[in-house]
Amino acid sequence: MVLLRKVVAACVALPLLGGLASAEEKTLTVWMTDSRTQYKTWLEDAAAEYKKQNPDISIKVVQMAPNDAYVKWPSSVAAGNTPDITWMFFAYAGWLHDLPGGGFAPMDDVVAELGKDKFEEASLAAWNYKDSYIGVPYTKQPFYLFWRKDLFEAAGLSAPKTWTDVVNAAKVLNKPDQGQFGITIGGKNDWTVRQNFEVVLYSNGGHLLSKTGEPAFAGPEAMDALRIYSELFKNTPPGGLAAGYTEVNRTFAQGAAAMAISLPVALSQFYEANPDKAGQVGAVIPSDEGLALTMQNNKGWAVFKNSPNVDEAKDFIKFLYTSDQYAGALASAAFGWMPLYKDPAAIERFFTASDVTKAFPDAVDALLAPASGYYAGIDWFGQNPNGGEVGSSGLVEHNLNSFLAGQISAEATAENIQNGLGKIFRK
């Protein structure tokens, strides 16, 4: 059990000029770099609970969209005005750590106290940079193929296991004249098309980067992934080139597509729209190579080393891993996050109580099964200062969008991405 530091505030009976707080009280600032309101609500509730045990510590939560954070992080570092704690994508950790005036406090002590063996090994390793953990992972966002069992059964199709199965099913189940489409996937020039495509790439053994940081998008795996994605895209609803995360999830929830590549939240959104179809959705990571590899984001907590409150910030982070708080985090996400910290009590509390679990037990079992994943810019290489630039540059998504629009060939797409990765990682 996480040991929480107990602080007893000394009440000093002195007048406070202008209503200023006691000099003993400290305020920690946390940047919640996700704009969904339920996440701020959860974190503020957690901060209020923490303050009950630590009355001399106040937690101020500042919420912003990820795109805003990409701008505000470096500007705050340059101005010497960083928050104490930031919630962030692990792909940007190496970049921020190496910025002049930046850098994160080593979190090895926090990891050790929480229990290194309680983290998913790959997810924890992703935060290791220059021989220390520069952040502590909290949740993961893995992509899966979601498929309609009822539609497959009606068409005489077996459960999809390989991408060959998926492509065949997309063709069979694509019935535009009936308002039914084989699959819904991203085509828009944004992160969804990149991350959807990476599910195909990684699960079939392809990579963007080698283990030594060299571009690795020139092999047969990349060309095969482009072929598969192109075939799937032919069986998507009209306007697919403008389909992003919202459109993919909405189309699947509305029942207009037999399959979708998305995050687990697609399952909860489908249930909300179709409570009468309990048991009719499955989840799988298809692979022609038998690999349980997918596109997986990883988010966690980091403390800026220039914070005057490093110890207090670490203590609050440890509090967020207690069972009550971890269960609360999962509940706030409603399948937007999946656990990577092995707290059986918290995991059971949320998933057992969830109506989604009760409706789709097989799918939820698949979501909770061990699976590894990569993220563009980290990929096979690992934590590095250029990782975030792959996503922020739009390199992969821009070329995929052009390829799906028929503006460039598969060969040109692969060459453009390979060359673009070379420019990023050979600076």
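The values are calculated or read from the model by the stated rules, or taken from the named source; none is laboratory data. No experiment lies behind these values; they were computed from the predicted model shown. Cβ sites come from the backbone with ideal geometry, for glycine too, and all protein chains shown count toward neighbours. In case anyone asks, the SASA skips ligands and DNA or RNA and just uses the protein heavy atoms, side chains included. Shrake-Rupley method; radii C 1.70, N 1.55, O 1.52, S 1.80 Å.
Which pairs turn up if I take residues in the range 178-189 that are over 13 Å from T246 (Cα atoms) and look for partners that are polar (S, T, N, Q) and buried (at least 24 other Cβ atoms within 10 Å of the Cβ) with beta carbon separation below 7 Å, at least 6 apart in sequence or on another chain?
F181/N235; F181/T236; G182/N235; I183/N235; I183/T236
What tally of residues in the range 131-164 results from selecting those that are in a loop (DSSP other than H, G, I, E, B), more than 18 Å from F197 (Cβ to Cβ) and in contact (Cβ under 8 Å) with a residue 12 or more places away in the chain?
6
Could you check the range 95-139 and list, in sequence order, the residues that are within 30 Å of P286 (Cβ to Cβ) and open to solvent by less than 10 Å² (accessible area, probe 1.4 Å)?
F119, S123, L124, W127, P137, Y138, T139
Any idea how many residues of the range 196-236 are open to solvent by less than 10 Å² (accessible area, probe 1.4 Å) and not hydrophobic (A, V, I, L, M, F, W, C)?
7
When you scan the range 23-73, how many residues do you find that are basic (K, R), surrounded by fewer than 16 Cβ atoms within 10 Å (Cβ to Cβ) and within 17 Å of V303 (Cα to Cα)?
Residues flagged as basic (K, R), surrounded by fewer than 16 Cβ atoms within 10 Å (Cβ to Cβ) and within 17 Å of V303 (Cα to Cα) within the range 23-73 amount to 1.
Kindly indicate whether any position in the range 6-22 is loosely packed, with under 12 Cβ neighbours inside 10 Å, modelled with pLDDT under 95, under 28 Å from the mean Cα position of the chain (by Cα) and in a helix (DSSP H, G or I).
no
Go through the range 165-224 and give me each residue that's in a helix (DSSP H, G or I) and among the β-branched types (V, I, T).
Of everything in the range 165-224, those that are in a helix (DSSP H, G or I) and among the β-branched types (V, I, T) turn out to be V166, V167, V172, T192, V193, V199, V200.
Checking the condition assigned to a helix (DSSP H, G or I) and crowded, with 16+ Cβ neighbours inside 10 Å, which residue from A412, A345, A363, A376 passes?
A363
Mind checking which residues of the range 396-414 are within 25 Å of the chain's Cα centre (by Cα) and acidic (D, E)?
Result: E397, single match.
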